[in-house]
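To start, the structure itself, in structure tokens.
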Amino acid sequence: MQPVNILGDKMEIAYYPGCTLKTNAKEFEETAIKVFEKLGIKLKEINKWYCCGTVYSLATDNLMYRLAAIRNLIRAKEEGYDKLVTLCSICYNTLKQTNLMAREDEDAMYKINSFMDEEPDYDGSVEVIHPLQILNEMMDEVKAKVKKPLNKKYAAYYGCLLLRPKEVAIDEYENPSVMERLIEALGGSAVNFPLKNECCGSYNVACNKEAVIDANYRIITNARKNGAEAIVTSCPLCHFNLKEIQKEVKKAYPDFVGLPVYYFTEIMAMAFGVKK
Amino acid sequence: MKMVRIYIMGKEYRVPEGLTIMKAMEYAGYRYIRGSGCRAGFCGACATVYRKEGEYKLHADLACQTTVEDGMYLVQLPFTPANKAIYDLEKIRVDDKTLVNFYPEIARCVSCNTCTKACPQELDVMDYIQASLRGDVAKAAELSFDCIQCGLCAMRCPAEIAHYHVAQLARRLYGKYIAPRAKHLEKRVKEIEEGRFDKDMKKMMKMSIEELRKLYNARDIEPEEEV
């Protein structure tokens, strides 16, 4: 197999799970580890890690919310890795944006490094990667591993956090295509889906559920109108907002017809014939 | 005798060097009514915070285990206000969310690590809170095993977490639902219930102190059984 550029010559990469992959999204982690193993890549969970902070705080004057992400990056570096992969879109976005700050904002890093005086100084040298960026370079290998082609129509849903802000986007931020190419490589067909980077309503699900119900209705209806038989995502919160509240959407919108929602690693596991 | 200067709640005293903070305060005339227990570093009653002259760091420790140094600024923390969750261990179940449901404030942890720095037992306090947050009860129980509940973590936490109560719930859940049962213990409890030792106990209760002492010194020590 050709080495993947983004990983250099290494076939093992430090893996940061995040809390949700150990609780509500266990199937995401299980399938990811298995399908990457099929592709010859070991996702090695770092020994110590902390909640990423669950969102990249936009309060630029409160550096406390950056500590957890920086600490995780230090742990990865300490264990000898220069790259860190994470599956959850929120963890990815938080770690990636914090790492950019570590590279660009000297004043902030002076404060953070002084505050964390029990840790070695951090300089932004760990690269944060999303697994879709690895797959983007491995579509031929993915195709070669398919045992049961998918034969269905899928809508690739990116949401916000894989694409915005554009500095951390894993793909073309206005019109990404990596998940569509993955779906096609797995033998499925990817439908045109204008709402693929629409926000799912995010944490509004906890305090303003109507907003999420509306977003769910628009997103799923749009996918369905374009012929999708299922939705594919990489974010546990998008997954929750699109999947778990469909009954409530049906109550608010009687014409609503739901769709199954999968993590991209779940459809890979199906196509690879990997048992859950 | 060489004397050192210490400041107790801001007032200067001279005390012999080599005393613990606890003994130094008693030497200076303070009497412990609360905030003192075993005097041996096990009970966690004598939480103390101090600064050293010319140093910005606030130290946290046990007054019975820390020796005074010249120029120390001292105060005792005999009690930590921290709310305890109410639960019936027989009725609750252990899953990913048990700890965060009883102590939702653990989700406020920003990984500042101040709790870890405050711990006189040198536990990885932040790590067990993080394990609790992701539902890893076994890990939280393991990492907090040596906690003596002094409360210093909770006093220092900017997220207002009551770490030691979370840890105690984790250990209780671990003991009740996760740890393998000790078969030899179950066997012994059954033997006790069936009255195997009743006769000997009755006999001993009639013995004099002298006889008991003799019996104790001559006792058999059982070898440890494989579990």
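The values are calculated or read from the model by the stated rules, or taken from the named source; none is laboratory data. Source: prediction; values computed, not measured. Note that we place each Cβ from the backbone using ideal geometry, even for glycine, and neighbour counts take in every protein chain shown.
Each residue in the range B:15-30 was checked for being part of a loop (DSSP other than H, G, I, E, B) and either modelled with pLDDT under 95 or in contact with a helix residue (DSSP H, G or I) (Cβ under 7 Å, 6 or more places away or on another chain) (or both), and 1 of them qualify.
Kindly state which helices (runs of 4 or more DSSP H) lie completely within the range A:139-228 and contain at least 2 residues that are assigned by TED's automatic domain parsing to the domain that holds A:LEU259 and in contact (Cβ under 8 Å) with a residue 40 or more places away in the chain. The helices (runs of 4 or more DSSP H) meeting that bar are A:139-145, A:178-185, A:209-225. Would you check if B:LEU74 is farther than 16 Å from B:GLY151 by Cβ and either under 24 Å from the mean Cα position of the chain (by Cα) or in the same structural domain as B:GLN130 (by TED's automatic domain parsing) (or both)? Answer is yes for this residue.
Scanning the range A:16-49 for residues that are without any contact (Cβ under 8 Å) to a residue 24 or more places away in the chain and surrounded by 18 or more Cβ atoms within 10 Å (Cβ to Cβ) turns up just one, A:ILE33. Would you check if A:LYS111 is assigned to a helix (DSSP H, G or I) and modelled with pLDDT of 95 or more? Yes; evaluated as a whole, the condition is true for this residue. One residue stands out in the range B:154-191 among those that are touching a residue at least 60 places away in the same chain (Cβ under 8 Å) and aliphatic (A, V, I, L, M): the one that is nearest to B:ARG108 (Cα to Cα), namely B:ALA162. I'd like the full set of residues that are within 19 Å of B:MET155 (Cα to Cα) and surrounded by 15 or more Cβ atoms within 10 Å (Cβ to Cβ), limited to the range B:78-104. Across the range B:78-104, the qualifying residues are B:PRO78, B:THR80, B:ALA82, B:ALA85, B:TYR103.
Yes or no: A:ASN197 surrounded by fewer than 17 Cβ atoms within 10 Å (Cβ to Cβ) and either under 14 Å from the mean Cα position of the chain (by Cα) or not hydroxyl-bearing (Ser, Thr, Tyr) (or both)?
no
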